[in-house]
Amino acid sequence: MCQQHQCGSCFNRRECLKMISLASMGTGLFTGLVETPAPSEAPAVTDVIDVRELRPKPEVRVAASFLEMPRPYWLGWPGTTYDLDGHQREYTALLRASANRLGIQVDQEAQPLNSDATIDAWIKKLIDTKPHGILVILQHMQTWGWINRIADQTKIPLIVFAPVGTAFTGHLAGPSRKTGVHVISSLDWSAVEDGLRMIRAKRLFEETRVLWIRGNERNETVVERLGTKVRAIPRDTFNQEFDKQPVTDEVRDLAADLRKRAIKIVEPNEQDALNAMRAHVTAKRLLKAEGAHALSMDCLGMVGARLVPTPPCAAWTLLQDAGITAGCEADLFGAMSLMMTSYLLDRPGYMNDPVPETVHNTLIAAHCTSGTRIAGFDQKPADYILRNHSESALGVAMQVLWPEGQPVTLVRFNGPNEMIIDTGKVVGNVQTPPAGGCRTSVEIELDNIEDSRDTLGFHQVVTLGDHRRVLEGFCQLYGIKVTHSPRFSTFEYGGQA
Amino acid sequence: MSRAMYLLIGISTLACCCGALGAETVGLSSPGLPPSQFHANGVLAEDWGTLTVTLTGDGLAPGEQRLEAVALENVVPAARWSADFGQIRLQVTAYKAPVYPQGMDVLEVQLEETGGEPRSVTLNLQPSAQLGVGLSTARLGNRVVLSIPLETQRFLETRDWGYVIDTTPMPGWAKPEGDCDPGFANIRAGMGGIPIRYRFRVEKGGKVQVVLGLCESFYGQAGIRPLLCEVEGARPLLVDPVARWGQHKPGALLFTASDDDADGWVTITIRPVPGARDRNPILNVVWVFPTNVRLNLNKVISGALNDQARYYVDVGGKKDQPLLLTEGLRFPLELAAGEKRTLTFYVACAGGQAVVPELTAWTPESLFRAAREVWTGWAQR
């Protein structure tokens, strides 16, 4: 205890005087006290960090129930012939399998709910237990009246599975357009699993701390709606940590593997590969030290100032392949868009600079940090060629060869409240040279866009597959406005004064 | 030293230094963000000016006041200012929420009737700067420096109808051709892509018929200024006035509206269309009819049914009006005996803006959760 001031909590005289000094200034008491926390134990440069451990592992709790009418059924859809017990056994088994695959806890009601009283009791339970999402499986058309009640009273994201035979267009008209509700009128269970993925993705966003490596600030804020924490740290932190990073066995192994898996190596030499993997290991250390799960860095500024011998492109590719978002140019919402594909679709993408190709009316999406496991984290990686970073002729970047003829989705958060979603098809991989720009350069024929010059957004994330419906579902569930590039050109042709 | 210990020491030290009446000033902070200052006279100081919290009403006079630094849930540092106004106790709790990117201060104002009798009081927020006050935000220039969350807005003094967002009135802008209501000549324009929004008082959960009158006079070509019309309870409608009716031709759109959120208001919003060449929305006339009036849109356009309308708005005309009854931030409240009531406000802090309530997902609960998580994570570094 500080005898002089009777402050029961003081540790010693020096600390006590520091507190009093701050307090007597009359400003920023807590700022002075709390913004200088004790340093945590950072991993050593020789520590091997399992990259998979850096991905957040949130608890995801979903409450589920069947909704039915009192039995036995007589007329009315799904009809007297509908095998209620059989279907409920089937859907319960599917739900368990999906939950196991996704790592979700499901609290399923033991008996189907079939009356106002059971619905009211369940709503009360939901309000008390606050699950992260709700799944209802409809077993009769007359249960639709309960959907709005559940959604409005709990305000918890709600997935409604209406197997064919339990809904007409009229039933879907209201709930299926409602924010916070995702209605699946189908027999396709994979759509229900996608709905569960949406809930898991939101929890992943919430549990993510993204390192924003730029400028000279150190602070932490939270992104609206998604709940992702943004920890800004000074840009120099990275190059200083990089300088400390020796070529360890891990670095050597990673570099050798990087070169071995390439179908061709054009510019980079062995030292370039070692440096690239030093950047990768540095990034892992930094993420672990800061308790972070993703990063976005002012890489171009760092390379421009010649602070590092290599841009982080290849290092970022490896992180992306492991489900760790690594964004370029400190574009925070570019990184959030990368997170979207990683967390919802279980696959990496790459944020791109969009180039309209006006002869073929296509879009060339170009950058140097595409993931290789573009078909999914657990799928075979795409072929790549080892190149250098084209703008600087430094280091290692991958030219990932995207499969021609395959559908792709372009996704971009315009801030936390709006998402641009477009789709198209890969028509080719553009070579550099003859083109300039970035190493992974994919030519895309866009769906539903008359003129590629009208494509909205910059640093949109390209991801393999047509995921428009799933992304739209996520947006509706969490109140994010969806925008598509205009189908018809809004620009006038001809000369203007 | 742990974060909790720092907080304990901070609070103890303040009490030591400042005696029974508490602190003179308490800083509101969030990791890495510049602090705001809460002063002992109920004044929050920001980089744009100050905001003073006062209470007025019969027989109310400020008595003892106290400011102290507290840690909410033992984690989030905050300022707590309390003042007795006779039989009403006013308590303001302020903390900085770590809203990306610059943070935002949150004020929770609690009023408690302590005399055992119902009382009418008015809570006043007095900004030092001249602000443009709307229903949900107060702006200094284009900067939103104060916002009034949806749950607090219902306490504002309002008219039965009016615009919610202050867009640009442009009387005589349109040149409507043919027999039409004179209101078609006037518009409001949402310059810079600001939506045009009006609100109309209706029975809670009630239905009405809304007719929007539009006339495009600037462009002669279709596709340049499409408009997205949103009427509460009706399906949104995308309309291109030139494509549908032609340049200078007055047109009308009918919506069956309903008070979907049961707040006693029907809201209409005209938004720009993303990607359109001109993204400044316009609106000429609004009619709101009871559901039992049979509508012929040609007659509506001509103005022949104006008398049967529950509300008729010559948008941008002389009788157009804001929804807010007074320009000040006044919140008249009827407190029952012993009642406690809490109103929340968001305030812009250094370099930032307050969020726009209609566009944000932030709630008082999620803001506090964010503050708690950030402080907890910061301490674990």
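Any chance the range A:203-224 includes a residue that's within 14 Å of chain B (Cβ to nearest Cβ), open to solvent by less than 30 Å² (accessible area, probe 1.4 Å), over 20 Å from residue A:340 (Cβ atoms) and not aliphatic (A, V, I, L, M)? Yes, the range A:203-224 contains at least one residue that is within 14 Å of chain B (Cβ to nearest Cβ), open to solvent by less than 30 Å² (accessible area, probe 1.4 Å), over 20 Å from residue A:340 (Cβ atoms) and not aliphatic (A, V, I, L, M).
Among the residues of the range A:410-420, is there at least one that is of a type outside the set (A, V, I, L, M), open to solvent by less than 30 Å² (accessible area, probe 1.4 Å), more than 21 Å from residue A:346 (Cα to Cα) and out of contact with any strand residue (DSSP E or B) (no Cβ under 7 Å at 6 or more places or on another chain)? Yes: the range A:410-420 contains one or more residues that are of a type outside the set (A, V, I, L, M), open to solvent by less than 30 Å² (accessible area, probe 1.4 Å), more than 21 Å from residue A:346 (Cα to Cα) and out of contact with any strand residue (DSSP E or B) (no Cβ under 7 Å at 6 or more places or on another chain).
Scan the range B:325-335 and give yes if some residue there is within 15 Å of residue B:88 (Cα to Cα) and open to solvent by 40 Å² or more (accessible area, probe 1.4 Å), otherwise no. So far as the range B:325-335 goes, yes, one or more of its residues are within 15 Å of residue B:88 (Cα to Cα) and open to solvent by 40 Å² or more (accessible area, probe 1.4 Å).
Scan the range A:242-253 residue by residue and report those that are open to solvent by 40 Å² or more (accessible area, probe 1.4 Å) and either in contact (Cβ under 8 Å) with a residue 60 or more places away in the chain or assigned to a helix (DSSP H, G or I) (or both).
Step one: of the range A:242-253, the residues open to solvent by 40 Å² or more (accessible area, probe 1.4 Å) are A:243-244, A:246-247, A:249, A:252-253.
If the condition is that a residue be open to solvent by 40 Å² or more (accessible area, probe 1.4 Å) and either in contact (Cβ under 8 Å) with a residue 60 or more places away in the chain or assigned to a helix (DSSP H, G or I) (or both), then A:243, A:244, A:246, A:249, A:252, A:253 are the ones that fit.
Every condition in (1) at pLDDT below 95; (2) of a type in the set (Ser, Thr, Tyr); (3) surrounded by fewer than 21 Cβ atoms within 10 Å (Cβ to Cβ) holds for residue A:358 except the one numbered (1). Residues that are in contact with a Ser or Thr (Cβ under 8 Å, 6 or more places away or on another chain), more than 14 Å from chain A (Cβ to nearest Cβ) and not in a strand (DSSP E or B) within the range B:60-106 comprise just one, B:87. Any residue at all in the range A:296-314 that is free of Cβ contacts under 8 Å to residues at least 60 places away in the same chain, among the basic types (Lys, Arg), over 30 Å from residue A:196 (Cβ atoms) and in a helix (DSSP H, G or I)? No.
Please give the strands (runs of 3 or more DSSP E) falling wholly within the range B:228-318 in which 1 or more residues are open to solvent by 70 Å² or more (accessible area, probe 1.4 Å), in contact (Cβ under 8 Å) with a residue 60 or more places away in the chain and touching a Phe, Trp or Tyr at 6+ places or on another chain (Cβ under 9 Å). Passing ranges, in order: B:311-314. Kindly check whether there is at least one residue in the range A:453-465 that is among the polar types (S, T, N, Q) and either at pLDDT below 95 or out of contact with any strand residue (DSSP E or B) (no Cβ under 9 Å at 6 or more places or on another chain) (or both). Looking for residues that are among the polar types (S, T, N, Q) and either at pLDDT below 95 or out of contact with any strand residue (DSSP E or B) (no Cβ under 9 Å at 6 or more places or on another chain) (or both), one finds at least one in the range A:453-465, hence yes.
With (1) in contact (Cβ under 8 Å) with a residue 60 or more places away in the chain; (2) open to solvent by 10 Å² or more (accessible area, probe 1.4 Å) as the list, and residue A:319 as the residue in question, which single condition is left unmet? So residue A:319 meets the others, but not (2). Among the residues making up the range B:120-150, those that are farther than 23 Å from residue B:192 by Cα, open to solvent by 50 Å² or more (accessible area, probe 1.4 Å) and either in contact with a Ser or Thr (Cβ under 7 Å, 6 or more places away or on another chain) or assigned to a strand (DSSP E or B) (or both) are B:120, B:126, B:128.
Sort through A:305, A:314 and tell me the only one that's in contact with a helix residue (DSSP H, G or I) (Cβ under 9 Å, 6 or more places away or on another chain), within 28 Å of residue A:383 (Cβ to Cβ) and among the aliphatic types (A, V, I, L, M). Talk me through it step by step, then tell me what you get.
Details: A:305 fails: within 28 Å of residue A:383 (Cβ to Cβ).
When all the criteria are applied, what remains is A:314.
The condition of being acidic (Asp, Glu) and in contact with a Lys or Arg (Cβ under 6 Å, 6 or more places away or on another chain) holds for only one of B:46, B:68, that being B:68. Taking the stated definitions as given, is residue A:86 over 22 Å from residue A:158 (Cβ atoms), assigned to a helix (DSSP H, G or I) and at pLDDT 95 or above? Judged against the criteria, residue A:86 is a match.
Counting only residues that are under 25 Å from residue B:235 (Cα atoms) and open to solvent by 40 Å² or more (accessible area, probe 1.4 Å), how many does the range B:193-219 have? Quick ask: steps written out before the conclusion?
Going through the range B:193-219, the residues under 25 Å from residue B:235 (Cα atoms) turn out to be B:193-216.
With open to solvent by 40 Å² or more (accessible area, probe 1.4 Å) added as a condition, the list becomes B:194, B:201, B:203-205, B:207.
Residues that pass the stated criteria total 6.
Does residue A:359 satisfy the condition of being free of Cβ contacts under 8 Å to residues at least 60 places away in the same chain, part of a loop (DSSP other than H, G, I, E, B) and among the β-branched types (Val, Ile, Thr)? When the stated conditions are applied, residue A:359 passes them.
Quick check on residue B:3: is it assigned by the TED database to the domain that holds residue B:345 and either closer than 30 Å to residue B:101 by Cα or modelled with pLDDT of 85 or more (or both)?
Working: assigned by the TED database to the domain that holds residue B:345: no; either closer than 30 Å to residue B:101 by Cα or modelled with pLDDT of 85 or more (or both): yes.
For residue B:3, the condition - assigned by the TED database to the domain that holds residue B:345 and either closer than 30 Å to residue B:101 by Cα or modelled with pLDDT of 85 or more (or both) - is not met.
Only one of the listed residues (A:284, A:260) is assigned to a helix (DSSP H, G or I), surrounded by fewer than 20 Cβ atoms within 10 Å (Cβ to Cβ) and not acidic (Asp, Glu). That residue is A:260.
Check the range A:227-234 and report whether any residue there is away from every other protein chain (no Cβ under 13 Å), open to solvent by less than 50 Å² (accessible area, probe 1.4 Å) and over 21 Å from residue B:370 (Cα atoms). No - not one qualifying residue is present in the range A:227-234.
Here is a yes/no grid of residues against (1) touching a residue at least 24 places away in the same chain (Cβ under 8 Å); (2) closer than 30 Å to residue B:212 by Cβ; (3) open to solvent by 40 Å² or more (accessible area, probe 1.4 Å):
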residue	(1), (2), (3)
B:67	yes, no, no
B:74	yes, no, yes
B:77	yes, no, no
B:101	yes, no, yes
B:104	yes, no, no
B:110	yes, no, yes
B:113	yes, no, no
B:171	yes, yes, yes
B:178	yes, yes, yes
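Based on this model, can you work out whether residue B:281 counts as under 21 Å from residue B:195 (Cα atoms), in the same structural domain as residue B:188 (by the TED database), of a type outside the set (Val, Ile, Thr) and modelled with pLDDT of 95 or more? Step through it out loud before you land on a result.
On the way: under 21 Å from residue B:195 (Cα atoms): yes; in the same structural domain as residue B:188 (by the TED database): yes; of a type outside the set (Val, Ile, Thr): yes; modelled with pLDDT of 95 or more: yes.
So residue B:281 passes the test.
In this structure, is residue A:126 in a helix (DSSP H, G or I) and either in contact (Cβ under 8 Å) with a residue 24 or more places away in the chain or touching a strand residue (DSSP E or B) at 6+ places or on another chain (Cβ under 8 Å) (or both)? Yes: the conditions hold for residue A:126.
One residue is enough: does the range B:339-350 have a residue meeting the conditions part of a strand (DSSP E or B) and at pLDDT below 95? First the steps, then the outcome.
Taking the range B:339-350 as the starting set, the residues that turn out to be part of a strand (DSSP E or B) are B:340-348.
Subsequent filtering for residues that are at pLDDT below 95 retains none.
Within the range B:339-350, not a single residue is part of a strand (DSSP E or B) and at pLDDT below 95.
The single condition among (1) out of contact with any Lys or Arg (no Cβ under 6 Å at 6 or more places or on another chain); (2) at pLDDT 95 or above; (3) within 14 Å of another protein chain (Cβ to nearest Cβ) that residue A:431 does not meet is (3).
Restricting to the range B:18-40, and then to whatever is modelled with pLDDT of 90 or more and not in a strand (DSSP E or B), can you tell me which residue is farthest from the other protein chains (Cβ to nearest Cβ)? Let's see the steps before the verdict.
Let us first name the residues in the range B:18-40 that are modelled with pLDDT of 90 or more, namely B:24-40.
Subset that is not in a strand (DSSP E or B): B:24, B:31-32, B:40.
On the way: B:24: 6, B:31: 5, B:32: 2, B:40: 10 Å.
The residue in question is B:40.
The values are calculated or read from the model by the stated rules, or taken from the named source; none is laboratory data. What you are looking at is a predicted structure, and each value in this text was computed from that prediction instead of being measured. When we count neighbours, we look across all protein chains shown, and the Cβ atoms used for this are built from the backbone with ideal geometry, even at glycine. For accessibility, only protein heavy atoms count, side chains too; no ligands or nucleic acids. Shrake-Rupley method; radii C 1.70, N 1.55, O 1.52, S 1.80 Å.
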